[in-house]
Each structure stands twice: as C-alpha cells, then as structure tokens.
Amino acid sequence: HCMDAVSLETPQENEFIKQRIVRGNVKYIWTSGRKCNFAGCDRADLQPPNVNGWFWSGSGAKIGPTSQRNTGDWSATGGYGQAQPDNREAPQGNDESCLAILNNFYQDGVKWHDVACHHLKPFVCEDSDELLNFVRSRNPGIRL
C-alpha cells in the first residue's frame with residue numbers, strides 16, 4: 001500500500017536495485033518504466049516514442065532519449081541481438097512498452113530491456129510521497 005513500482009531516476013538507485021537482483025539471483029523484475037504510446041502521447045517532444053517517449057510512471061520523470069546511450073542502463077543486445085529498446089514483439093501485436101530489468105538474460109549483465117507488458121514478472125516497489133500524503137490527509141495521526 002502507498003507504493004509505486006520502482007523508478008530508477010539516479011545511477012545510485014539503479015545500482016542499488018541491480019545489486020539486489022544479483023544477490024537474490026532474481027531473473028528479472030518490472031520497474032515503473034513505461035513508453036508513452038497511448039492517448040495524449042502525441043506531443044512532439046515524445047516522438048518517436050521508442051526514442052523519446054520513455055518515462056517513470058511512478059514519479060512522472062522522463063527517461064532520456066534511448067539514442068543517447070549515456071542515459072539509462074539499456075542493454076546493447078536482446079533477443080535479436082539489437083540494442084534496447086528494440087520493440088521485438090511488435091510484429092506479433094505486442095508492443096514492448098514496459099521497462100524490465102533482466103539479469104544476464106542475454107549474457108549482457110543486469111540491464112534494462114523493453115518488454116511487452118503482459119508478461120508476468122516480480123516487481124520492486126518504493127514509497128510514494130504523494131500516496132503517503134494522501135493517506136495522512138485522510139487519516140490524521142496515522143503512523144506510516
């Protein structure tokens with residue numbers, strides 16, 4: 001409760017989560033990373049979505065362009081050997097619009113991959129100040 005899927009807005013947050021994935025021998029996790037490819041995402045600054053449309057849905061913060069490899073922690077490879085995000089499942093009608101962290105799945109280390117959102121994966125959550133403040137406003141004196 002009062003949590004969102006994790007948003008990895010700093011290199012430190014990213015490394016913290018990656019270390020936990022490795023220590024726990026976890027194959028993959030969902031994050032709050034999302035591609036803006038739905039109604040309202042037709043703004044010029046979000047085009048093309050696979051390059052400029054990625055954001056953290058938990059915080060609303062934009063992820064840097066995927067064409068600039070120094071922003072984020074996208075893998076240099078994937079199922080077809082192409083740099084991420086590659087939208088590999090799109091030809092089958094499954095837009096890869098969610099951001100997962102895969103643990104050496106393609107012998108690439110612990111890296112970001114775009115994945116179709118229907119896949120089942122564990123997830124990591126973090127506190128949401130907005131949700132916590134909402135609960136506090138409705139429940140004076142609550143200890144969170």
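What follows is calculated from the coordinates using simple rules that are stated; it is not laboratory data. These numbers were taken from a predicted model, which means no experiment stands behind them. Don't worry about glycine lacking a Cβ; one is built from the backbone with ideal geometry, like all the others, and counts go over all protein chains shown.
Once the Cα atoms are used to define both axes, helix 11-23 deviates from the longest principal axis of the chain by about 80 degrees. When the chain is treated as a Gaussian network with alpha carbon springs shorter than 10 Å, the biggest mean-square fluctuation among L99, L120, L46 belongs to L120. The alpha-carbon atoms of segment 72-144, seen along their principal axes, cover 54, 28, 20 angstrom, with the largest extent given first.
Computed over the chain with a Gaussian network model linking Cα atoms closer than 10 Å, the most mobile of P91, P65, P11 is P91.
Which value at 222 nm does the chain reach when only helices count, each DSSP H run of 4 or more adding -39,500 (n - 2.57), with the total divided by all residues and rounded to the nearest 500 deg cm²/dmol?
So the calculated ellipticity at 222 nm is -5500 deg cm²/dmol.
Taking the Cα centre of the chain as origin, sum charge times position over the Cβ atoms of Lys and Arg (+1) and Asp and Glu (-1), and report the length of that vector in debye to the nearest 20.
That gives the chain a dipole magnitude of about 340 debye.
Taking loop as defined by DSSP and a crowding limit of 10 other beta carbons within 10 Å, which trypsin sites (Lys or Arg not before Pro) in segment 69-144 fit? Those satisfying the criteria are R143.
If you take the charge dipole of segment 3-138 about its Cα centre, with +1 on Lys and Arg Cβ and -1 on Asp and Glu Cβ, which of Q19, G60, A83 is farthest toward its positive end? Comparing the listed Cα positions along the dipole, Q19 ranks first. Select from A76, A39, A116 the residue whose mean-square fluctuation is largest in a Gaussian network model of the chain (Cα-Cα springs shorter than 10 Å). Looking only at A76, A39, A116, the largest GNM fluctuation is found for A39. Angle between the Cα long axis of helix 129-138 and the longest principal axis of the chain, 0 to 90 degrees, nearest 10? Result, in degrees: 30. Under the convention that each Lys and Arg Cβ holds +1 and each Asp and Glu Cβ holds -1, the size of the dipole of segment 1-73 around its Cα centre is about 260 debye. Under 5 Å between amide hydrogens, built in the peptide plane, is the criterion, and for W74 it picks out W112 among residues at least 5 positions away or on other chains.
Partner aspartates and glutamates whose Cα lies under 15 Å from the Cα of K111, excluding those fewer than 8 positions away in the same chain, are identified as E9, E13, E15, D73, D86. What does the C-alpha gyration tensor say about the overall shape of segment 3-138? Classify as rounded when a/c is under 1.5, otherwise prolate if a/b is larger than b/c, or oblate. Taking the square roots of the gyration eigenvalues as a ≥ b ≥ c, segment 3-138 is oblate.
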